[in-house]
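The values are calculated or read from the model by the stated rules, or taken from the named source; none is laboratory data. The structure displayed is predicted, hence computed values, not measured ones. Cβ coordinates were reconstructed from backbone atoms using ideal geometry, including for glycine residues, and neighbour counts include every protein chain displayed. Quick note on the areas: whole protein, heavy atoms, side chains included, nothing else; ligands and nucleic acids left out. Shrake-Rupley method; radii C 1.70, N 1.55, O 1.52, S 1.80 Å.
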Amino acid sequence: MARVIVVTSGKGGVGKTTSSAAISTGLANLGHKTVVIDFDIGLRNLDLIMGCERRVVYDFVNVINGDANLNQALIRDKRIDNLYILPASQTRDKDALTRDGVKKILDDLADMDFEYIICDSPAGIESGALIALYFADEAIITTNPEVSSVRDSDRVLGILSSKSWRAEQNMEPVKEHLLLTRYAPDRVTRGDMLAVQDVQEILAIPLLGVIPESQAVLKASNAGEPVILDGESDACLAYGDAVARLLGEERPFRFIDEEKKGFFSRIFGG
């Protein structure tokens, strides 16, 4: 049975699409048949980060409207056999998505034996974001360690608990995970950023991962490659840990504490 996982937040620019690309790639790389769907109608970016923008012929809305079938719109990743991308439309608005249309696509993907359906949600709580999270079994709440981002994420948690399909049907609640992005321990020490513990106390949901601030993220995005494939970076390792935890593995959290400088580093400013 497919697990529908929405990657969401209340605030833009926190790394949802980067995280959707990394997590879906990580799952597929471990042998799980995975599809990642771009719900950001009109402002699609997932295809750029996945490096398949030139291969887009049909999109999510084309399938909903019956202009193409799902097999025509799905793009198979060239690097990983188990990974597929369903791009968003750049020429429609978010009202083009309907609950019935989205439900049919999710059901059809489940029938195609996908194990994981990752929904890359637009920011905020407008219609596109609400539809992206409506059918979720699990939600990855993506936030930066700063007050406005955390506060907006708290609003999303309220919506998940009251306006999702699971809530309306009185089913088991959507399983919630916290993904903290752009974390910089030195800024936490200076008091410029909330600590992991502060964010956990405010949102009160289990921590899935802490992704450090890293130039590798921007570099990978510009290259059209999910950062989890950059084996040399801290961000790659952190996303790998998050994927492992999503699959039930226990791993210690890294990149949370500021590195202690050695004697010579302190003397010479290293």
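The candidates 168, 201, arranged from most to least accessible area with a 1.4 Å probe in the full protein assembly, appear as 201, 168. The relative contact order of segment 93-229, computed from alpha carbon pairs under 8 Å that lie at least 6 residues apart in sequence, is 20 percent.
Given their separation in residues at 0.36 nm each and the Cα-Cα distance between them, residue 184 and residue 216 gain 10.1 nm when the chain is fully extended.
A 1.4 Å probe over all protein chains sorts 18, 189, 91, 181 by accessible area into 91, 189, 18, 181, starting with the largest. Any idea what the relative contact order of the chain is, in percent, if you count C-alpha pairs under 8 Å spaced at least 6 apart? 24 percent. What is the antiparallel percent of DSSP beta bridges lying wholly in the chain, to the nearest 5? Percent antiparallel among DSSP bridges in the chain is about 5. Which residues does a label at residue 148 reach in segment 8-44, if reach means a backbone N under 20 Å from a point 7 Å past the Cα toward the Cβ? Flagged as within label range: 8-17. Taking amide hydrogens as placed 1.01 Å from N in the peptide plane, the amide H of residue 4 sits under 5 Å from those of 117, 137, 138, each at least 5 positions away in sequence or on another chain.
Placing a label point 7 Å from the Cα of residue 257 along the Cα-to-Cβ direction, the residues of segment 204-234 whose backbone N falls under 18 Å of that point are 210-212. Helix 234-246 axis versus longest C-alpha principal axis of the chain: approximately 60°, rounded to the nearest ten.
Scalar couplings 3J(HN,Hα) for segment 121-128, obtained by applying the Karplus form with A = 6.51, B = -1.76, C = 1.60 to θ = phi - 60°, are 7, x, 6, x, 10, 7, 4, x Hz; x denotes Gly and Pro. Compared with the alpha-carbon gap, the fully stretched path from residue 204 to residue 30 is longer by 59.7 nm at 0.36 nm per residue. Of the GluC sites (Glu not before Pro) found in segment 68-159, those that fall in a DSSP loop while having at most 13 other beta-carbon atoms within 10 Å are 126. Among the protein heavy atoms, those of residue 247 account for about 70 Å² of accessible surface (1.4 Å probe, every chain in place). Computed from Cα atoms, the angle from the helix 147-163 axis to the main principal axis of the chain rounds to 40 degrees. Here segment 80-183 is treated as an ellipsoid with the same Cα gyration tensor; its semi-axes, largest first and in whole Å, are 23, 17, 16.
Remark: the residue 53-residue 162 segment gains 35.7 nm on full extension, using 0.36 nm per residue and subtracting the alpha carbon distance. What is segment 1-116 by shape, rounded, prolate or oblate, if you read a ≥ b ≥ c off the alpha carbon gyration tensor as root eigenvalues and call it rounded for a/c under 1.5, prolate for a/b larger than b/c, and oblate otherwise? It comes out rounded by the Cα gyration axes.
The long axis of helix 99-111 is offset from the longest Cα principal axis of the chain by roughly 80 degrees. Comparing Cα centroids, segment 151-198 and segment 223-247 end up 20 angstrom apart.
Look at where the Cα atoms of segment 2-52 and of segment 74-100 average out, and the two centres are 10 Å apart.
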